[in-house]
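*Asks:* So that we are looking at the same thing, I have put the structure below in structure tokens.
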Amino acid sequence: MVTEMSSSRPKIDPPRPAFDVERIRADFPALRQTVHGRPLVYLDNAASAQKPSRVIETVRRYYTDDYANVHRGLHYLSERASDAFEAARGKVRAFLNAREDREIVFVRGTTEAINLVASSFGQAHLKAGDEILITEMEHHSNIVPWQLLGERLGTVLKVAPVNDAGELLMDEFERLLGPRTRLVAVTHVSNALGTINPVERIIELAHARGARVLIDGAQSAPHAAVDVQALDCDFYAFSGHKLYGPTGIGALYGKRELLESMPPYQGGGEMIREVSFTRTTYAELPFKFEAGTPHIVGAIGLGAAIDYLREIGLDAVARHESELLDYATPRLREIPGLRLVGTAARKAGIASFLLDGVHTHDVGTILDRHGVAVRAGHHCTMPLMTRFGVSGTTRASFALYNTRAEIDVLVEAIRQAQELFRR
Ligand code: C6P
């Protein structure tokens, strides 16, 4: 999966020690606990990932010693906090290989990033009849903002379908990419199926027709190296909490000239140059899009998570998770009555499944009794579930700290769930 996604990343990170999952596990205090008397097997990483001590300690230290508001005070603590906050922006820039720090806007997460683009890009560049092309596998965060925009502006939402394996039908995608398509908004990796979309090709096709491209990176940024310059996407959004960082922080990357052409998303402090009751002028990028006091410590904690991930190396993370998926898939398939939903040729570490005769929520509850944390439900992808004729699935999603032994626990717990319902 991952090699393909990362092939164009410049080799700027220093050499690292070999990937050692036990050493990595020791960095995550939450993994040391037991749940219902069993060791925790945390396989709900696509929803949110656990935090390494590095992030927890950074957040603690900033609240303890360095806390102040940013970009406002002239005093020592404020300057120190502002420096750390802007250094975190620099880390996000390097992480995505964006050209400039001002192309990185701090937001609450992927959801806010997409809403920002819908609102602001929509206002500047879209009108009634213009089309936005998404796919059938989008998260609600990449569907509803476009519907809201349609209600406001009269833009039209088009949806490219997927096949039974959960792969995007590229012929259909190309057919739907018409002269009125102004924006393509597509997930890099499906949170419900694990499908890795061919975003390089999607971007190439969209640009050839003059459409801009937003990549929902919520499920790709934590699992493989991303290079927004090599991809040439116009926008890329991700959430810190899935990337081993704090909750309530994420980033939107946008090409500078595009962000400059867009109006502010929200009004308030920080985003202005000068205010009077008759006229207000706006601050430079990225502050134009960052009204109000930001999630200062969240951003700094995200910077620590990025440092941590880069030290381990995204390529090593991707390889490890890919191996876990290769280990898990045949074992899950061996379970009679288990059906995998999402069997794309290019897949990230996500296994969604149905178990004959057992409701997905019951599977989730029984797994929990075994200490195994998974997600059960529609995964905020209701239209995709409808496409597969199901109301939901049980989903195990892997992260850098998961092991083969944990997959064995998962498989055994599923078998026991089955036994329980057979009686
Ligand atoms: N998916 C999951 O369990 P936020 O909530 O803003 O951090 O991320 C939203 C989001 C957007 N796009 C994709 C592809 C996602 O997977 C998510 C979040 C979680 O799958 C929670 S529903």
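The values are calculated or read from the model by the stated rules, or taken from the named source; none is laboratory data. Quick caveat, the model's predicted, so the values are computed rather than measured. Heads up, the Cβs are rebuilt from the backbone with ideal geometry, glycines too, and the neighbour counts pull from every protein chain shown. Please note that ligands, DNA and RNA were not included when accessible areas were found on the heavy atoms of the full protein model with its side chains. Shrake-Rupley method; radii C 1.70, N 1.55, O 1.52, S 1.80 Å.
*Asks:* Can you tell me the orientation of helix 76-96 relative to the chain, as the angle in degrees between its alpha-carbon axis and the longest Cα principal axis, to the nearest 10?
*Replies:* Approximately 60 degrees, to the nearest 10.
*Asks:* Oh, and also: In the chain, what percentage of the DSSP-assigned beta bridges are antiparallel, given to the nearest 5? Show your work: numbers first, answer last.
*Replies:* On the way: 28 of 47 bridges.
Percent antiparallel among DSSP bridges in the chain is about 60.
*Asks:* OK, next. Once you keep just the Cα pairs under 8 angstrom separated by 6 or more residues, what percentage relative contact order results for the stretch 60-121?
*Replies:* Rounded, it is 17 percent for the stretch 60-121.
*Asks:* Next question, about the same structure. Measuring from label point to label point, each 7 Å out along Cα→Cβ, what is the SER261 to PHE421 span in nm?
*Replies:* Reported label-point gap for SER261 and PHE421 is 5.1 nm.
*Asks:* How much length is gained on full extension from ASP65 to ASP307, taking 0.36 nm per residue of separation minus their Cα-Cα distance?
*Replies:* Contour length minus the Cα-Cα distance gives 85.1 nm.
*Asks:* For the Cα atoms of the chain, what angle does the longest principal axis make with the long axis of helix 199-208, in degrees from 0 to 90, nearest 10?
*Replies:* Roughly 40 degrees between the two axes.
*Asks:* Kindly provide the chymotrypsin sites (Phe, Trp or Tyr not before Pro) of the stretch 257-358 that DSSP labels as loop, not H, G, I, E or B, and whose Cβ sees at most 13 other Cβ atoms within 10 Å.
*Replies:* The qualifying sites are PHE277.
*Asks:* Given Cα pairs under 8 Å that are at least 6 residues apart, what percent is the relative contact order of the chain? Write out the running numbers ahead of the final one.
*Replies:* Values: 840 pairs, mean separation 101.0, N = 423.
Reported relative contact order: 24 percent.
*Asks:* Under 30 Å between C-alpha atoms is the cut-off here; go through the stretch 55-310 and count lysine pairs that meet it, provided they're at least eight residues apart or on different chains.
*Replies:* Eligible lysine pairs with Cα atoms under 30 Å apart amount to 11.
*Asks:* Where does each of 99-107, 69-77, 244-252 land if you order them by average Cβ count within 10 Å, highest first? Numbers along the way, then the final one.
*Replies:* Working: 99-107: 20.9, 69-77: 13.3, 244-252: 25.8.
Highest-to-lowest ranking by the protection proxy: 244-252, 99-107, 69-77.
*Asks:* Moving on to the next point. Once you charge only the Cβ atoms, +1 for Lys and Arg and -1 for Asp and Glu, what is the size of the charge dipole of the chain about its Cα centre, to the nearest 20 debye?
*Replies:* Values: 49 positive and 52 negative charges, 88 e Å.
I would put it at about 420 debye.
*Asks:* Collect residues whose amide H, placed 1.01 Å from N in the peptide plane, falls under 5 Å from the amide H of VAL107; neighbours closer than 5 in sequence don't count.
*Replies:* GLY250, ALA251, LEU252
*Asks:* May I ask you to compute the full-extension gain from THR247 to GLU100, defined as 0.36 nm times their residue separation minus their alpha-carbon distance, rounded to one decimal in nm?
*Replies:* Result: 50.5 nm gained on full extension.
*Asks:* Relative to the compact globular guide of 2.2 N^0.38 Å, what is the alpha carbon radius of gyration of the stretch 55-310, as a ratio?
*Replies:* 1.02
*Asks:* What is the distance, in nm, between label points placed 7 Å from the Cα along the Cα-to-Cβ direction at GLN229 and at SER48?
*Replies:* According to this spin-label approximation, the distance is 3.5 nm.
*Asks:* Between ASP408 and THR329, what's the calculated FRET efficiency when r is the beta-carbon distance and R0 is 22 Å? Round to 0.05.
*Replies:* Numbers: r = 14 Å, r/R0 = 0.63.
Given R0 = 22 Å and the Cβ-Cβ separation, E is 0.95.
*Asks:* Between the alpha-carbon centers of the stretch 280-316 and the stretch 108-172, tell me the distance in whole angstrom.
*Replies:* Cα centroid of the stretch 280-316 versus Cα centroid of the stretch 108-172: 25 Å apart.
*Asks:* Take HIS359 and HIS75, extend 7 Å from each Cα along the Cα→Cβ direction, and tell me the distance between the two endpoints in nm.
*Replies:* Placing both labels 7 Å along Cα→Cβ, they lie 5.6 nm apart.
*Asks:* What accessible area per residue comes out for the stretch 55-310, rounded to a whole number of Å², with a 1.4 Å probe?
*Replies:* On a per-residue basis, the stretch 55-310 sits at 38 Å².
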